[in-house]
Amino acid sequence: MVPDISRGSKTYGLLAYLFGPGKHDEHVDPHIVASWDGFAPDPGRDPAATLSQLEAALDLRVNQLGDRRPKRHVWHCPVSADPGDRLLTDEEWAEVARRVVAAAGIAEPGDPDGCRWIAVRHDPRHIHIMATIVRGDLRQARLNKDAERAQAECRQIEKDFGLKELNQGDGTAAKRPTSAEGHKAQRLGRGEPVRLQLRDAVRRAVAGAADEDEFLDRLKTAGLLVSLKIAPSGDVLGYSVAHPDDRNAQGQPVFFGGSRLAPDLSLPRIRKRLGTGPLQAVDNAQPAGAATGQARVPGSRAAQARRGAADAVESAARAIDEGDDGQVAAQLAGAIEVIDVIAIRAPADTRAQLLAAARAFERASRSHVRAERADNRALRYAARQMLSNGYATNRGEDGGATAMLLSALVLLAIAAARWHSGRGHAQQAAAATAAARELRAAYRTVAARPMAAMAQGGRRLPPEVRERQAEIIRARLAETEGVPREREGWDALAATLAEAEAAGHDPAALLDEAKSWRELDSADSVTAVMVWRVRRIAGLSAAPEPAAAKRGSSPQAGQAAAVAPAPRRRPRR
């Protein structure tokens, strides 16, 4: 059950909307289910009652103040039930309304001077609570933290009424678009309110930015109007952005300050993120066990950037599992930059899932835990490299490198959900889980072609080579549940190990290193995760041709590899 509080200045205008047909004739049987005294005129059910009469009754105390009346005297709170909930009766909605106005400070039980209010139902699944904020003693209602109190009461109502229980908020969520913003978007034929579009645009402008000037330049390059708040000293104190096509009634752009878009998009918070140090390659950007000093794998610059990002993400996931809270918060803030960049650089067939993943993980990246001094330069550098090295397709080496990165991001999102859940961050845990779901959907699309090619190569291996790799897989992954049933992943892993062996690596050692990076229990397919890790450790192509493993994995090649394995340097820690 979701309350959505806003303030306005026109009593009659809101009443006309509540008792009218709606923007698309969606309002059905509008009527009052509860009011401040139970006797408010009801234009929906009483033919003799008018909107003007109801307006006069609601505004009585406001008008008594004369020139001292507050400008924004209308308090409006739609309360919506979950689509899966049972339909509530008018009496139940009346009880909901009474409890919400009491919790918010509009009218507490037994207070004869409480504000005047009504609850209107014009839809089976929600009501609108409307109040004027001047009390009977002509003082204004104390509405500090009214939204938090209303949210908490709705959580209790869900329990008492047997409804779907939503996650308790913690005050770190970005402000939702108001109903007026939603109606404006519908009226203008936009897919969603401008506030959401601006939030996405600002977040993407931060991703991988080297400094504040670059961040502000990116906003302008994206076509947004940017206004800076300048101190007398000439220092920039804040910024606000507007969509060039979003205008108010006077034709002026509607600006949103960064903190109005999301708590972590204020200029001071962005400066903290940008101030962790210069964005350059970081020594610990590779996960423990990743081989270094190998020849660069052929592929586009975009593919190379994605392979580097996969290493940074693996290290971040390990930090989430093992680091302190400040370190984890920093890694989450860095990870959203990687997800944002891969989303805006994604081909059409995965863009929708990745944009949805970015929006979900944006919520998971924000909690009361602060990343005061922790370092996330490796992730921010990875985001910058992806942004600087062009678009990648979902085919060939580009697609394989993207699958590597998405595989790592799925496990990072799952690790984030576990971390949040263990600290009671219910909304963030749910958001991280939703991000993992979207990332997994994108991964399946991208990985289908290279995994099928590798599996085909595995099935074409000479019998003696295939059996040798199978024995290694069984020995090294025997304790991992489900591996024997992952037929395609098993074939792809066998092909990968054979290819690595032909290139001079010890397959058993490769599997041991790949396992040591972090846990595999949360993986949908353990063999698929191991394929991508092994290919990165061994410096193999991310998308070999189906016959590559067969051509490069003859028994003679395997024997030569066993005699003279290629040396590999250990990474600095």
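The values are calculated or read from the model by the stated rules, or taken from the named source; none is laboratory data. Keep in mind it's a predicted model, so treat the numbers as computed, not measured. Heads up, the Cβs are rebuilt from the backbone with ideal geometry, glycines too, and the neighbour counts pull from every protein chain shown. For accessibility, only protein heavy atoms count, side chains too; no ligands or nucleic acids. Shrake-Rupley method; radii C 1.70, N 1.55, O 1.52, S 1.80 Å.
Yes or no: Ala352 surrounded by fewer than 24 Cβ atoms within 10 Å (Cβ to Cβ), free of Cβ contacts under 8 Å to residues at least 12 places away in the same chain and within 17 Å of the chain's Cα centre (by Cα)? Taking the combined requirement at face value, the residue satisfies it. Residues in region 87-107 include none that are open to solvent by 20 Å² or more (accessible area, probe 1.4 Å), closer than 30 Å to Ser365 by Cβ and either out of contact with any Lys or Arg (no Cβ under 9 Å at 6 or more places or on another chain) or not in a helix (DSSP H, G or I) (or both). Any idea how many residues of region 49-71 are open to solvent by 70 Å² or more (accessible area, probe 1.4 Å), part of a loop (DSSP other than H, G, I, E, B) and at pLDDT 95 or above? Result for region 49-71: 0. Of all residues in region 7-41, those satisfying the criterion of being within 26 Å of Pro112 (Cα to Cα), crowded, with 18+ Cβ neighbours inside 10 Å and not hydrophobic (A, V, I, L, M, F, W, C) are Thr11, Ser35, Pro41.
The set of residues from region 140-164 being in a loop (DSSP other than H, G, I, E, B) and either surrounded by 15 or more Cβ atoms within 10 Å (Cβ to Cβ) or of a type in the set (Lys, Arg) (or both) comprises Ala141, Arg142, Leu143, Lys145, Leu163, Lys164.
A single entry from Gly171, Gly182 fulfils the requirement of being open to solvent by 50 Å² or more (accessible area, probe 1.4 Å), in contact with an Asp or Glu (Cβ under 9 Å, 6 or more places away or on another chain), at pLDDT below 95 and of a type in the set (Gly, Ala, Ser): Gly171. Residues considered: Ala174, Ala242, Ala249, Ala201. Of these, the only one that is more than 30 Å from Thr89 (Cβ to Cβ) and in contact with a Phe, Trp or Tyr (Cβ under 6 Å, 6 or more places away or on another chain) is Ala242. The set of residues in region 234-253 being open to solvent by 40 Å² or more (accessible area, probe 1.4 Å), in contact with a helix residue (DSSP H, G or I) (Cβ under 8 Å, 6 or more places away or on another chain) and in a loop (DSSP other than H, G, I, E, B) consists of His243 alone. For Asp200, state whether it is in contact (Cβ under 8 Å) with a residue 60 or more places away in the chain and either outside any loop (DSSP other than H, G, I, E, B) or open to solvent by 20 Å² or more (accessible area, probe 1.4 Å) (or both). So Asp200 fits the description; yes.
Screening Leu379, Leu355, Leu387 for residues that are out of contact with any Pro (no Cβ under 8 Å at 6 or more places or on another chain) and under 17 Å from Ala441 (Cα atoms) leaves exactly one candidate, Leu355. Only one entry of Arg395, Arg380 meets the criterion of being in contact (Cβ under 8 Å) with a residue 40 or more places away in the chain and surrounded by 24 or more Cβ atoms within 10 Å (Cβ to Cβ), and that entry is Arg380.
Note on region 108-124: among residues that are in contact with a strand residue (DSSP E or B) (Cβ under 6 Å, 6 or more places away or on another chain) and of a type outside the set (Phe, Trp, Tyr), the one that is farthest from Lys71 (Cα to Cα) is Arg121. In the set (1) buried (at least 17 other Cβ atoms within 10 Å of the Cβ); (2) under 30 Å from Arg345 (Cβ atoms); (3) at pLDDT below 95, the condition left unmet by Gly191 is number (1). Among the residues in region 533-550, are any modelled with pLDDT under 50, under 11 Å from Ala500 (Cα atoms), touching a helix residue (DSSP H, G or I) at 6+ places or on another chain (Cβ under 8 Å) and open to solvent by less than 10 Å² (accessible area, probe 1.4 Å)? Looking for residues that are modelled with pLDDT under 50, under 11 Å from Ala500 (Cα atoms), touching a helix residue (DSSP H, G or I) at 6+ places or on another chain (Cβ under 8 Å) and open to solvent by less than 10 Å² (accessible area, probe 1.4 Å), one finds at least one in region 533-550, hence yes. Would a scan of region 74-81 turn up a residue that is farther than 26 Å from Asp160 by Cβ and modelled with pLDDT of 95 or more? Yes, some residue in region 74-81 is farther than 26 Å from Asp160 by Cβ and modelled with pLDDT of 95 or more. The requirement of being in contact with a Pro (Cβ under 8 Å, 6 or more places away or on another chain) and either free of Cβ contacts under 8 Å to residues at least 24 places away in the same chain or of a type in the set (S, T, N, Q) (or both) is fulfilled somewhere in region 454-466, by at least one residue.
Of all the residues in region 330-348, those that are part of a helix (DSSP H, G or I) and open to solvent by less than 10 Å² (accessible area, probe 1.4 Å) number 12. Does Gly44 satisfy being open to solvent by less than 70 Å² (accessible area, probe 1.4 Å), in a loop (DSSP other than H, G, I, E, B), touching a residue at least 60 places away in the same chain (Cβ under 8 Å) and farther than 11 Å from Met130 by Cβ? Answer is yes for this residue. Within the option set Asp111, Asp123, Asp85, being touching a Leu at 6+ places or on another chain (Cβ under 8 Å) and either farther than 20 Å from Asp137 by Cα or free of Cβ contacts under 8 Å to residues at least 60 places away in the same chain (or both) holds for one residue only, Asp85.
Test Ala442 against the stated conditions and say whether it is at pLDDT 95 or above, open to solvent by less than 30 Å² (accessible area, probe 1.4 Å) and of a type outside the set (Asp, Glu). Yes; evaluated as a whole, the condition is true for this residue.
Pairs linking a residue in region 182-196 that is in a helix (DSSP H, G or I) to a residue that is exposed (fewer than 13 other Cβ atoms within 10 Å of the Cβ), with Cβ atoms under 9 Å and 6 or more positions apart or on different chains, are His183/Lys23; Ala185/Gly191; Gln186/Lys23; Gln186/His24; Arg187/Lys23; Val194/Asp245.
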